[in-house]
Amino acid sequence: MSADVLEGLEAIARTEARRRRRSIVDFMLLWAPIAWLVLVVGAAALADWLPLPSPNDQDLADILATPGSVHLFGGDSLGRDVLARTIFALRISLVAGVGAVAIGLVVGGLVGTLAGYFGGRVESVAMGAMDIVLAFPPLVLAIAITSGAGPALLKVILAIGVLFVPAFARIARANTLVFGNKEFVLAAHAMGMRHSRIILSEILPNLVPPLLVYSLLMVAVAIVAEASLSFLGLSVPPPAPSLGSMIAAEQRNVLDAPFVVFFPAAVLFLTVLTLNMAGEQVSRRLQVREQLL
Amino acid sequence: MPDMIENQPHTVEPILRVERLVKQYAVRRRTVHAVSDVSFDVMPGETLGLVGESGCGKSTVGRAILQLPPPTSGRVVFEGHNLCGLTGQALRAIRPRLQMVFQDPISSLNPRRHIADIVAAPLTLSFGIAPAERDRLVREMLEAVGLEAKTVWSMHPHELSGGQCQRVSLARALILKPRLIVCDEAVSSLDVSVQAQILNLLEDMKARFDLSLLFIAHDLAVVKNISDRIAVMYLGKLCEIAPSDELYAGPRHPYTKALLSSIPSPDPKAKGSTDPAIEGDLPSPFHPPSGCRFRTRCPRAQPLCTQQEPPMRVLAQDHFTACHFPLEAS
């Protein structure tokens, strides 16, 4: 048995080990974010049935209580349970994130698809309107919308959603332009398909992957936007918990009881990070499929 | 070319008559003269080859016939109906009888749909077809174009080869039982061996479904076998129309001759053509040359060619040429 062969075998073993390590990393990169997101969404959805203290119950004895068996995340400056407040705040964050993206996706997707498909005047008017929205200072628009009448959460969703519409419209339009010029669309015309049917059954399925990836990323952006607005006091009014207002309210105590700010901030950070990672993974997987086309 | 129509002794009505077709596009305030005054007929059961180099407007003719988009002016009379000016439901009602097969086999098929759905799509547009009956028709049509229905049924286009995709495109076109199919460079992007298969398939389908074909290609060699007659286009105009054999044996238009002599011979010992190849590039379709459009590259050009546009003339039985100084019949 020559040394060469042994060396070769060792090299094979090494690459094999490296390959296995990489597959473990790949596995974790996909499933760890998904596990966290399932946990977060599950907790937010089931918050009413979880064995938690009420998020608004105050207890003088628990003011700035350190994390422990009674209060897992500690207590805030009014003696409320930070874990319960974080979970209920997550509910608002997720509803705001998904709601805003839904508005952006539906309105922007529709406007962009019609603009890309019909072109001409439809396109100039639609994309001109989008440019106007883009040119508006986002914070001013958000303040204007949230200062109107109506339920606070709905206004926040609407404000963020409106800001998202132009970006979704552009993505939808760009992809519609790509696919609308393909010959299968011409073939659909040639067989006598109506415009509405062509958009729905020929173009729309091709818009799903890019819009899906973008939606995942934008849910993260919307959650941060909601947190920022609530930090500024533009989101749900107190005492309802929101991640941004929780951080804002406890700023003064950050040196005495860092966990009061740290836990909501960490949950916000991890949720946004994992949403981005999940979006990345989905887009990578779709790209692989795309290359096969 | 009204004299052509009068001189041709028609016993049957043409299935497609294209009259004075013009297609212009506005590109940044300038006008592209893509197709200028093109007229021809396609008889029932006939295959008309339409050839010309890239950019001469032959695909535009094909699409203008299907009104995708409609021509700027002219008439497209299909089975006695002028398609130009028809809109909405009236046009959609005729569309199934007039189908098209495109060049790019991949982009002709929606990447997100199953093969069976793609072929069935035309059927779902008209009401009253039971799912079982639809599946049966799709299965029959897939088998007819030489695909194993069971295998490809739930595949996606990217899982098939170019030739197979082109078979699917053909199945989709045929399932509506059309009378005329416009094949726009339908084999140009395929390997030579696959080209032959698809051409044979087209011939079979033509006989089986009693079709007429308008076969658009840039390659005279491909068109030669499949076509009954061939029309040659140059820069948006027709140069010559003649029966296939006659065109190959004795081209009368200098451009046709140049195209023919550019076909490489498969025999390595054969002497190359001694005719000088035509030089230069296609003139700009923004400003086509005055008179005869080919004069800038024509070895026989005379002053007359600059001044006057050559009319389409009958030079022999069914042989039409638009040239002031046609070549002698060999």
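Could you check the spin-label model distance between A:Ser196 and B:Tyr25? Points 7 Å from the Cα along Cα→Cβ, value in nm.
The answer from the label model is 3.1 nm.
Report the local net charge at B:Phe325: Lys and Arg +1, Asp and Glu -1, summed over other residues whose C-beta lies under 11 Å from its C-beta.
+2
How large is log10 of I(q)/I(0) for the stretch A:1-80 at q = 0.16, 0.17, 0.19, 0.27 Å⁻¹ when the intensity is taken from the Debye formula with one equal scatterer per alpha-carbon?
-0.79, -0.84, -0.91, -1.14
Assign unit charges at the C-beta atoms only (+1 for Lys and Arg, -1 for Asp and Glu), then state the dipole size of the protein assembly as shown relative to its Cα centre in Debye, rounded to the nearest 20. Can you show the working numbers first?
On the way: 56 positive and 55 negative charges, 178 e Å.
The dipole magnitude comes to about 860 debye.
Would you mind computing Rg(Cα) / (2.2 N^0.38 Å) for the protein assembly as shown, counting N as its residues?
Working: Rg = 33.9 Å, N = 623, 2.2 N^0.38 = 25.4 Å.
Taking the Cα Rg and dividing by 2.2 N^0.38 Å, one obtains 1.33.
Under a plain spin-label model, where a point goes 7 Å from the Cα along Cα-to-Cβ, how far apart in nm are B:Ser265 and B:Arg134?
For the pair B:Ser265/B:Arg134, the computed spacing is 5.6 nm.
Which trypsin sites (Lys or Arg not before Pro) from the stretch A:168-225 combine a DSSP loop assignment with at most 10 other Cβ atoms within 10 Å?
On the way: sites: A:Arg170, A:Arg173, A:Lys182, A:Arg194, A:Arg197; in loops: A:Lys182, A:Arg194.
Loop-located and lightly packed - none at all.
Calculate the dipole size of chain B relative to its Cα centre from +1 charges on Lys and Arg beta carbons and -1 charges on Asp and Glu beta carbons; express the result in debye to the nearest 20.
980 debye
Given the options B:Arg172, B:Arg113, B:Arg252, which has the most mean-square fluctuation in a GNM of chain B, springs set between C-alpha atoms less than 10 angstrom apart?
Maximum among the listed residues: B:Arg113.
Using Cα positions and a limit of under 29 Å, work out the lysines in reach of B:Lys269, with same-chain residues fewer than 8 apart set aside.
Qualifying lysines at Cα under 29 Å: B:Lys224, B:Lys257.
Quick one: Debye curve from the C-alpha atoms of the stretch A:5-292, no solvent, what's log10 I(q)/I(0) at q = 0.12 Å⁻¹?
-0.87
Counting Lys +1, Arg +1, Asp -1, Glu -1, what net charge surrounds B:Pro14 among other residues with beta carbon under 10 Å of its beta carbon? Working shown, then result.
Working: positive: B:Arg17; negative: B:Glu13, B:Asp41, B:Glu46, B:Glu79.
Overall, the nearby charge balance is -3.
Using 0.36 nm per residue, how much length does the chain from B:Ala329 to B:Ala93 gain when fully extended, once their Cα-Cα distance is taken away? Show your work: numbers first, answer last.
On the way: separation 236, 0.36 × 236 = 84.96 nm, distance 4.55 nm.
That works out to 80.4 nm of additional length.
Quote to one decimal, in nm, the extra length available between A:Ala61 and A:Leu212 on full extension: 0.36 nm per residue of separation minus the C-alpha distance between them.
49.6 nm
Apply the Debye scattering formula to chain B, with a single equal point scatterer on each alpha-carbon and no solvent, then give log10 I(q)/I(0) at q = 0.11, 0.12, 0.13 Å⁻¹.
Debye output, listed in q order: -0.74, -0.87, -1.01.
Tally Lys and Arg at +1 and Asp and Glu at -1 over the other residues with C-beta under 11 Å from the C-beta of B:Leu211: what net charge comes out?
On the way: positive: B:Arg97, B:Lys177, B:Arg179, B:Lys206, B:Arg208; negative: B:Glu46, B:Glu203, B:Asp204, B:Asp210.
Neighbour charge sum, excluding B:Leu211 itself: +1.
Which value at 222 nm does the protein assembly as shown reach when only helices count, each DSSP H run of 4 or more adding -39,500 (n - 2.57), with the total divided by all residues and rounded to the nearest 500 deg cm²/dmol? Mind showing how you got there, number by number?
On the way: 22 runs with 313 residues, N = 623.
Only helices count here, giving -16500 deg cm²/dmol.
Residues of A:173-184, mean number of Cβ from any other protein chain within 10 Å of their own Cβ, rounded to a whole number?
Details: counts 0, 0, 0, 0, 0, 0, 4, 0, 1, 8, 12, 15.
The mean count of partner-chain Cβ atoms within 10 Å per residue comes to 3.
About the Cα centre of the stretch A:5-292, how large is the charge dipole given +1 on each Lys and Arg Cβ and -1 on each Asp and Glu Cβ? Please answer in debye to the nearest 20.
Values: 20 positive and 19 negative charges, 197 e Å.
With Lys and Arg at +1 and Asp and Glu at -1, about 940 debye.
Which one, A:Val5, A:Leu255, A:Phe179, is farthest towards the positive end of the dipole of the stretch A:5-292 when Lys and Arg carry +1 and Asp and Glu -1 on their Cβ?
Going by the Cα projections, it comes out as A:Phe179.
Cα centroids of the stretch B:209-225 and the stretch A:24-94: how far apart, whole angstrom?
Spelled out, the Cα-based centre of one part sits 71 Å from the other.
Taken together, the values in this text are just the output of simple stated rules run on the coordinates, not laboratory data. No experiment lies behind these values; they were computed from the predicted model shown. Reconstructed Cβ throughout: ideal geometry from the backbone, glycine too, with neighbour counts over all protein chains shown.
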